[in-house]
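Structure, as structure tokens:
Any read-out appearing in this document is the output of simple, stated calculations on the displayed coordinates, not a laboratory observation. As the structure is a computational prediction, the values presented were derived from the model and not from experiment. In this analysis, Cβ positions are derived from the backbone assuming ideal geometry, glycine residues included, and neighbour counts consider all displayed protein chains.
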Amino acid sequence: SQQGEEDPQALSIQEGENATMNCSYKTSINNLQWYRQNSGRGLVHLILIRSNEREKHSGRLRVTLDTSKKSSSLLITASRAADTASYFCATDVAGTYKYIFGTGTRLKVLA
Amino acid sequence: DAGVIQSPRHEVTEMGQEVTLRCKPISGHDYLFWYRQTMMRGLELLIYFNNNVPIDDSGMPEDRFSAKMPNASFSTLKIQPSEPRDSAVYFCASGGDYSNQPQHFGDGTRLSIL
């Protein structure tokens, strides 16, 4: 079964609003990554957070990690139409270089 | 940096035909991954290589699928014979030498088996 599952499956917001996406996973991890996928394109890496980190920022992105709840969230502040994409979390499989990708959140930012 | 290059971008063929997907990873990356993406099953890891050696092929759906990496700059994913249920977008990704390195994805091959 998939390691990570995102919530919500789809999200529609107005430009300028904040968007929050959540990811839950099942087993212990070393790292969690977030990726973005624009329609018809490959995934693009956004940010990585290690299991000993609780929060990380990159520009308008803020990622939190709660290992006790096995969950992570991605916050995009002041969203733009160009943020319209699908967002995936990916968790590593301990002892390997494999990452298991979640089901994704489809974000639509309305101008 | 040209990024990960996949070819072809689109492939339409009839069932029973052999399909070969190609990937050129980013120079210097030691890891190469093949994924399949469908609406029903999401993004699935099929196989990954380290230094041209297959490490884990547990995601390969069946014997009709095979992957090779003859050198550090080229990999193929072959389906023979192809079936309609193989229709999907196939991605190749490459990554650096540590598990905490990001994976760099190509733009995929959209495969349709009629």
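Straight-line cross-link reach from A:Lys70 at under 18 Å between alpha-carbon atoms covers these aspartates and glutamates, not counting any fewer than eight positions away in the same chain: A:Glu5, A:Glu6, A:Asp7, A:Glu53, A:Glu55, A:Asp92. Judged by the gyration tensor of its Cα atoms, with axes a ≥ b ≥ c, segment A:1-84 is prolate; a/c meets the 1.5 cut and a/b is the larger of a/b and b/c.
Go through segment A:64-105 and name the trypsin sites (Lys or Arg not before Pro) that are in a DSSP coil and have 16 or fewer other Cβ atoms within 10 Å of their Cβ. List each step's numbers first, then the result.
On the way: sites: A:Lys69, A:Lys70, A:Arg80, A:Lys98; in loops: A:Lys69, A:Lys70, A:Arg80, A:Lys98.
Those satisfying the criteria are A:Lys69, A:Arg80.
For segment B:10-57, the convex hull spanned by the alpha carbon atoms encloses 121 Å³ per residue.
Only loop residues by DSSP count here, and only those with at most 14 other Cβ atoms within 10 Å; note down the GluC sites (Glu not before Pro) in segment B:14-114 that meet that.
Numbers: sites: B:Glu14, B:Glu18, B:Glu44, B:Glu62; in loops: B:Glu14, B:Glu18, B:Glu62.
Listed in order of number, the matching sites are B:Glu14, B:Glu18, B:Glu62.
Distance between the pseudo-spin-label points of B:Leu114 and B:Asn71 (7 Å out from Cα toward the beta carbon): 3.6 nm. What the Cα atoms of segment B:30-114 give is an Rg and a Dmax of 12.7, 40 Å. Can you work out the FRET efficiency for the pair B:Gln17 and A:Lys69, with r the C-beta to C-beta distance and R0 = 45 Å, to the nearest 0.05? It comes out at approximately 0.40. Our coupling estimate for segment B:20-27, obtained by passing each phi through the Karplus curve with A = 6.51, B = -1.76, C = 1.60 and θ = phi - 60°, is 10, 9, 10, 8, 10, x, 6, 4 Hz, Gly and Pro reported as x. Placing unit charges on the Cβ atoms only, positive for Lys and Arg and negative for Asp and Glu, gives chain B a dipole magnitude near 200 debye about its Cα centre. Simple spin-label estimate for A:Thr96 and A:Ala81 gives 4.2 nm between the two label positions (7 Å along the Cα-to-Cβ direction from each Cα). Close amide H contacts of B:Ile47 (hydrogens built in the peptide plane, cut-off under 5 Å, sequence separation of 5 or more or a different chain): B:Trp34. Quick one: P(r) of the protein assembly as shown from all Cα-Cα pairs, 10 Å bins, percents rounded to integers, in order of increasing distance. Distribution as computed: 8, 33, 35, 19, 4, 0 percent.
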